[in-house]
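Please see the structure below; I have some questions.
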Amino acid sequence: MSWYYPKGWTDQDDGIEQVLIHYVCTPPNQWPDWGWGHETRVLQDLGGFPRERLKVLRMPREVWDMDNGWPTPEYRFHYYFEVYQNGSRWTTDLFNEDIVYRDLEYADRDGWVTNICIYWSVGDWRAPVYSPMEDPRFPADSEFRSTKYYSYWDKDRFHYEKSQMLGALERPHRWQSRMSGPLGATLVQQYHVGHMYPPEEKSETWLGPNGPSAPGGDNHWVHYL
Amino acid sequence: MGPLPLNAVQSLPVFGLRKTWVDPGPGIAMVQIQYTWTPPGGTADWANAEEMVLAPKAGSAGGRTAVLELPRFVEGAPDYSLHHFFFVVGGNDDAASPVFTEDIVARELAYTDAAGRYTSVGVVWSAVDASPESAVPNYTRTAMDGLSFQSPGAAPEDASIYEFVRAQPLPHVFRGMVWGVRGSEVRYGYHLIRQGSPNPAEDTESWDDDGGSGWTVRL
């Protein structure tokens, strides 16, 4: 599972042929050895004046902390841009950002919800992310966990079995999941909630602070990381 | 604090491939793509599939798009199978498309530098898209014939290898690969680099895209 982070660049001068972003992630408070290896992407030229460039980076949910022997959801994102201009190249300063997370819980007091995701994005809705939610009491090895929903081909069976298993859990159902982003950034967020069983009651919508709405748009919560 | 290279997150080189979707009618709220890959002819394991929401495409009624990051090699081979399906959320109904399986294949490109002007060559390439502004640029660093220590990569060469290159007989041939869906077209241009010259004023970098149109190759 990944999340997506748009990184943009605005040409401040003429003659720029290409812009690349070099980046790597390390555990918190650690520094990369750029010579050992890192990721590189070419930014897409979006045109305009001044010329805008963009790359949506696929970011990990966690990185492996070898010193401590565990994965960490908080990590450091190091990057710089390499600019090709007028037949030569130059690089920007090295930047780093602390990647942090925000856990959300949706309390469903009457057990109406059978499927729910956090629908969120860093900054604006350019690169939305879906984070399926689960009540922590739901069996970890179940084939009806939220993350398995999309590739479970018999959706009717999934809806039925999930609703039965949820019905056996004491209310409220506390659906939980996680968002990530750079410290200091804002996240926009909605919930996508569904009541998928019984079939005649099937209903789903996106929820913002003003109630049901379409995905994206202005009806969203804002989180400051 | 010194470098801690072993803790850095590493992954195999990838390339970007754009996928698009056009709503077949009104009432579609969201479209998501689930994708994974296997060696050629393999069966998809969806348990660890990647997923991405297709963002509405500006200026396109019902158009949605996402750029998938796909590996350049699967189990060491440049050719493999890409499996994907779309999950479509409507007003009160959801549906999954059939699973599509495509062959991802690589094609080697060679640049011949007859005069020995360059120390390294890169290839900038993207799938030929209906709208040029949707092109997803990728980069391949080529390896020069005869330089056994070189290996292709996804970023420009930054080492000073002038003397090694000069020691090789002419012509110098630089080889690198591009990737895409079998049968599709890839447009490419060259990044021509001369570094480490005795006279630094002779160092140069230029982008040769055949006057803006680039060259194309069918995969």
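Bear in mind that the values in this text are calculations on the coordinates, not laboratory data. Please read these numbers as outputs of a predicted model, since none were measured by experiment. All Cβ positions, even for glycine, are placed from backbone atoms using ideal geometry, and neighbour counts span all protein chains on display.
What number of residues in the range B:79-100 are surrounded by fewer than 16 Cβ atoms within 10 Å (Cβ to Cβ) and more than 10 Å from chain A (Cβ to nearest Cβ)?
Total meeting the criteria: 4.
A further question follows. Quick one: is A:GLU143 within 12 Å of another protein chain (Cβ to nearest Cβ), more than 19 Å from B:VAL89 (Cα to Cα), assigned to a loop (DSSP other than H, G, I, E, B) and of a type outside the set (A, V, I, L, M, F, W, C)?
When the stated conditions are applied, A:GLU143 passes them.
While we're on this one: What tally of residues in the range A:191-212 results from selecting those that are polar (S, T, N, Q), at the interface with chain B (Cβ under 10 Å from one of its Cβ atoms) and surrounded by fewer than 17 Cβ atoms within 10 Å (Cβ to Cβ)?
1
Separate question: If you check A:VAL63 against the conditions, is it closer than 30 Å to A:GLU17 by Cβ, β-branched (Val, Ile, Thr) and within 14 Å of chain B (Cβ to nearest Cβ)?
Against the criterion (closer than 30 Å to A:GLU17 by Cβ, β-branched (Val, Ile, Thr) and within 14 Å of chain B (Cβ to nearest Cβ)), A:VAL63 does not qualify.
Let me ask something else. Give me the residue from the range B:66-78 that is surrounded by fewer than 18 Cβ atoms within 10 Å (Cβ to Cβ) and of a type outside the set (D, E, K, R) and, out of that set, nearest to the other protein chains (Cβ to nearest Cβ).
Ranking the candidates gives B:PRO71 first.
Among the residues of the range A:23-39, is there at least one that is of a type in the set (A, V, I, L, M, F, W, C), facing chain B (nearest Cβ under 7 Å) and more than 18 Å from the chain's Cα centre (by Cα)?
Yes - at least one qualifying residue is present in the range A:23-39.
I'm told A:GLN12 meets every condition in (1) at the interface with chain B (Cβ under 8 Å from one of its Cβ atoms); (2) polar (S, T, N, Q); (3) without any contact (Cβ under 8 Å) to a residue 60 or more places away in the chain except one. Can you identify the failing condition by its number?
Unmet condition: (1).
Going through the range B:155-192 one residue at a time, which ones are within 14 Å of another protein chain (Cβ to nearest Cβ) and part of a loop (DSSP other than H, G, I, E, B)?
Across the range B:155-192, the qualifying residues are B:ALA155, B:PRO156, B:GLU157, B:ASP158, B:ALA159, B:SER160.
Yes or no: B:VAL105 buried (at least 22 other Cβ atoms within 10 Å of the Cβ), under 20 Å from the mean Cα position of the chain (by Cα) and not charged (D, E, K, R)? I'd like the intermediate steps shown before the answer.
Working: buried (at least 22 other Cβ atoms within 10 Å of the Cβ): no; under 20 Å from the mean Cα position of the chain (by Cα): yes; not charged (D, E, K, R): yes.
When the stated conditions are applied, B:VAL105 does not pass them.
Something else: Looking at (1) more than 16 Å from the chain's Cα centre (by Cα); (2) closer than 19 Å to B:SER131 by Cβ; (3) among the small types (Gly, Ala, Ser), which one does B:GLY16 not meet, given that it meets all the others?
With (1) more than 16 Å from the chain's Cα centre (by Cα); (2) closer than 19 Å to B:SER131 by Cβ; (3) among the small types (Gly, Ala, Ser) applied to B:GLY16, the lone miss is (1).
Of all residues in the range B:109-154, which are outside any loop (DSSP other than H, G, I, E, B), acidic (Asp, Glu) and within 14 Å of chain A (Cβ to nearest Cβ)? Walk me through how you get there before you give the answer.
Filtering the range B:109-154 for residues outside any loop (DSSP other than H, G, I, E, B) gives B:109-113, B:120-127, B:132-134, B:138-141, B:143-144, B:153.
Cutting the leftovers down to acidic (Asp, Glu) gives us B:113, B:133.
Correct list: B:GLU133 only.
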